[in-house]
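Every read-out reported here was derived from the displayed coordinates using simple, explicitly stated rules and does not represent laboratory data. No experiment lies behind these values; they were computed from the predicted model shown. A quick note on method: Cβ atoms are made from the backbone with ideal geometry, for glycine too, and the neighbour counts reach across all protein chains shown.
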Amino acid sequence: MELRHLRYFVALAEELHFGRAAQRLAISQPPLSQQIQQLEVELGGPLFARTSRRVELTEAGRVFLPEARAALARAEQAGEIGRRATRGEIGELRLGFTASAPLANVMPAIIRAFRERRPDVHLTLQEMLSHQQMFALRDGALDVAFLRAPTDPTETDALVTAVELHREELLVFLPRSHRLARTPASRRIALSELAEDFFVHFSRESGASTYDQFIELCRAAGFQPRMRQEAREAATIIGLVAADLGVTLMAASFRSINLPNVVTRRLADPVPHLSTWLAHRTSDDSAVVQAFLEIADRHA
């Protein structure tokens, strides 16, 4: 039994006239008659009582009609679901992000735009460190990931591709009582001016890429940072700065964690940056992923 058998049967059952049914189906009468006969043979009995003047449904035909209509409706629904899936309008998107990614604004903007354009795609979000997201992408546990790193974290990984969405300066966060906090806000600070200061910063375990960048910047400025405290959360680090326990380097977006005893100053050239990257599996041709990447590209 094929869908065309059901369509032909329903058309004839509703028209009760071979000529009108054939016209409605845009076919001639002989093929319609043949298809109905094939369906009746398959079902083992007549669905229509035919006379020279009229066509009527048999009892079997009347029982079969609602089932045929329901089957056609389910087929149409399945087809529509399939078409929407191929356009990336339905499905699931598993998205990873670092704790700091939402502060850069580009991630919330992309997700908001995607939800407006693809409201029937289910988003599953997971907060993870950047290196954990890379493993999850390779293993197929994530579809896309928002990474935070100074350079492309995927450049040596053929399995994963990333596009830079947003770049922001690293700033010096100082307690208001610090000697450099009293300088004009327009004055840029050389990192070497902080060589004798204590630092508070992320631990290596909490964010390897930014930790390595911080250590390398200090080394390039000619000193090894004197670490007073390491922490996992940005708010904790800025709170420690407010408590006058040290200074730190953080992305400009962290100024949104606004504490009254903390001021920021820009660094002298060459200004270091931290970027937000959107990564995905290189070979992933999922329609949902491609739709997300297209929307992200408009916000990059």
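Using alpha-carbon pairs under 8 Å, 6+ residues apart, how would you state the relative contact order of the chain in percent?
After rounding, I find 22 percent.
Would you compute the Debye intensity of the stretch 71-193 from its alpha-carbon atoms alone, equal scatterers and no solvent, and pass along log10 I(q)/I(0) at q = 0.18 Å⁻¹ to two decimals?
The Cα Debye sum returns log10 ratios of -1.03.
Relative to the Cα centre, what is the charge dipole magnitude of the stretch 3-86, using +1 at the beta carbon of each Lys and Arg, -1 at the beta carbon of each Asp and Glu, and rounding to the nearest 20 debye?
That gives the stretch 3-86 a dipole magnitude of about 260 debye.
So if I restrict to the alpha-carbon atoms in the stretch 168-274, what is the Rg, and what is Dmax, the biggest pairwise distance, in Å?
When restricted to the Cα atoms of the stretch 168-274, Rg and Dmax are 12.3, 35 Å.
I want to check the label-to-label distance for residue 255 and residue 62. Put each point 7 Å from Cα in the C-beta direction and report it in nm to one decimal.
Modelled inter-label distance: 8.0 nm.
With charges only on Cβ, +1 for K and R and -1 for D and E, what is the dipole size of the chain about its Cα centre, in debye, rounded to 20?
Roughly 840 debye, rounded to the nearest 20.
Averaging over all projection directions, find the projected area of the Cα convex hull of the stretch 3-86 and quote it in nm² with one decimal place.
Averaged projected hull area, Cα only: 5.9 nm².
Remind me, relative contact order of the stretch 1-132 in percent, using alpha carbon pairs under 8 angstrom and six or more residues apart?
20
Rounded to the nearest 0.05, what FRET efficiency do residue 131 and residue 80 give with R0 = 45 Å and r taken as the Cβ-Cβ distance? Could you check?
Given R0 = 45 Å and the Cβ-Cβ separation, E is 0.65.
Could you sort 238-247, 222-231, 141-150, 284-293 so that the peptide with the highest average Cβ count within 10 Å comes first and the rest follow in order?
For the peptides 238-247, 222-231, 141-150, 284-293, the packing ranking is 141-150, 238-247, 284-293, 222-231.
Sorting check: for 194-201, 77-84, which peptide has the highest mean count of neighbouring beta carbons within 10 Å, and how do the rest follow?
Result, highest mean first: 194-201, 77-84.
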